[in-house]
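The values are calculated or read from the model by the stated rules, or taken from the named source; none is laboratory data. These numbers were taken from a predicted model, which means no experiment stands behind them. Here the Cβ positions follow ideal geometry from the backbone for every residue, glycine too, while neighbour counts run over all protein chains shown. Quick note on the areas: whole protein, heavy atoms, side chains included, nothing else; ligands and nucleic acids left out. Shrake-Rupley method; radii C 1.70, N 1.55, O 1.52, S 1.80 Å.
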Amino acid sequence: MKTSTHDPLAWIDSALAELERDGLRRQLAVRSGPQTSRVILDGRELINFGSNDYLGLAADQRVTAAARAASEREGWGSGASPLVSGRGEAHAELERRLAEFEGTEAALVFPSGFAANAGVIPALVDEPDAIFGDAKNHASLIDGCRLAKAARFVYPHGDCDALEMLLRKSAGYRRRLIVTDTVFSMDGDIAPLAQLAELAEQYSAMLMVDEAHATGVFGERGCGIVEHAGLHDRVHIRVGTLSKALGSGGGFACGRQSLIDWLANRARTYVFSTAQPAATSAAALAALDIVREESHRRVQLLERSADFRRRLRADGWNVAGSESQIIPIVIGDTTRTMRLAAQLREAGFFVPGIRPPSVPDGESLLRISFCYHHTPEIVDALVKQLAAMR
Ligand SMILES: Cc1ncc(COP(=O)(O)O)c(C=O)c1O
């Protein structure tokens, strides 16, 4: 028998070496214990500005108790995809409650927010159709667009004039889909939703928004930017995650009943993936109760993050167009960004440095994720530390 010396995976070593050379190679860290205002990473305790647990619910005892009770009731694994036998009582109840929370006819729970976006978009558009996406959309929306066979158009970030130019030329397509994050995951700014809704109406387009970073945080009832902007009836498809402010895991889509029925039939990441553990749904249900009953969490979060932003701006940091609890400090150069992140870590703060491909080349940044458990003392300490590094 002939043996070959050729290693078909050898290219990976050189690709990794290239990442290393460009300062883009990432390393896996291990967290011990829960996400709170502090986090233990690789054995070192740090003040935590690197979690999306915006409302401080990921380790809330009511949430963990709900997960425990559900796993005792329904077992841990769901054992099958939702359409077979994986959709248990906790999933069904969560879908009912999410629809009620969002004020829509129905909702569908996906294994993750990523899966929701990757499944919903290709279920809505196909070859004769066109998608129009913001240049700073999250990777999961981008991949959802790639999976659809429709023509893809990217408009410059938040630029409704540019979007309109594209829509004007789109009459030849069967369907049009406009898709955007509401709160952008890296810059923390907010999409011009009212204008997008107007364009969608004018050009008979479907409007889909991803509320991943807005659910639980924005709006009178914490539903997100759609609620905040009063656009309930004008946004057709809403996607969110249970993994950030709701402190659990999984994603969801909501809208009218026929849309949800269609997605349950045609969204491949729903149909062909095992349902999330019942405990995860039960944890999200408990978190929804807390969002409803403890509005002071989101009020305090947004007030304190606005104050923090003002202080950073006053100190001369570029926080871009942030209007939310996500506060970037835009550095630009990747090496400098990662050096600053390392210095912060040395000083006891976990503030992740974000570099390509998570942001475009030349736009590396420190991403400060502001959470309910950040006390004024913790914020003072970070502001002081940053000032010392200027
Ligand atoms: C805007 C946006 N959408 C979707 C997702 C994916 O959500 P999940 O982490 O639940 O898969 C993320 C997560 O980072 C996100 O930032």
Heavy-atom accessible area per residue, the chain, 1.4 Å probe: how many Å²? 46 Å²
Relative contact order of segment 61-293: what whole-number percent is it, with Cα pairs under 8 angstrom and at least 6 residues apart? 31 percent
Alpha carbon centroid spacing (whole Å) that separates segment 1-41 from segment 288-353: 28 Å
Estimated inter-spin distance, ASP289 and GLU220, nm [label 7 Å along Cα→Cβ]: 2.5 nm
Any residue on another chain or 5+ positions along whose placed amide H is under 5 Å from the amide H of VAL154 is listed here as GLY133
What distance in nm lies between label points placed 7 Å from Cα along the C-beta direction at ARG174 and LEU147? 2.0 nm
Amide H neighbours of ALA106 at under 5 Å, excluding residues fewer than 5 places away on the same chain, with H built from the backbone geometry, are GLY255, GLN257
Please give the length that would be gained between ASP13 and ALA80 if that part of the chain were fully extended, namely 0.36 nm times their separation in residues minus their C-alpha to C-alpha distance (nm, one decimal). 20.4 nm
Compute the relative contact order of the chain as a whole-number percentage, counting only Cα pairs closer than 8 Å that sit 6 or more residues apart in sequence. 22 percent
Taking 212-223, 255-266, 330-341 and ranking on average Cβ neighbours within 10 Å, highest first, one gets 212-223, 330-341, 255-266
Approximate spin-label separation SER37-GLU346, in nm, with each point projected 7 Å along Cα-to-Cβ: 2.6 nm
Of the heavy-atom accessible surface of segment 61-293 (probe 1.4 angstrom), what whole percent is carbon and sulfur? 50 percent
Summing +1 for each Lys or Arg and -1 for each Asp or Glu, what net charge is found among the other residues whose Cβ lies under 13 Å from the Cβ of ARG73? -3
Work out the length of the dipole vector of the chain about its Cα centre, built from +1 on the beta-carbon of each Lys and Arg and -1 on the beta-carbon of each Asp and Glu, and round it to the nearest 20 debye. 540 debye
Cα-only Debye scattering, segment 61-293: base-10 log of I(q)/I(0) at q = 0.11, 0.12, 0.17 Å⁻¹: -0.51, -0.61, -1.17
Can you give the extra length, in nm with one decimal, that the chain gains between PHE272 and ARG21 once fully stretched, where that is 0.36 nm per residue apart less the Cα-Cα distance? 86.5 nm
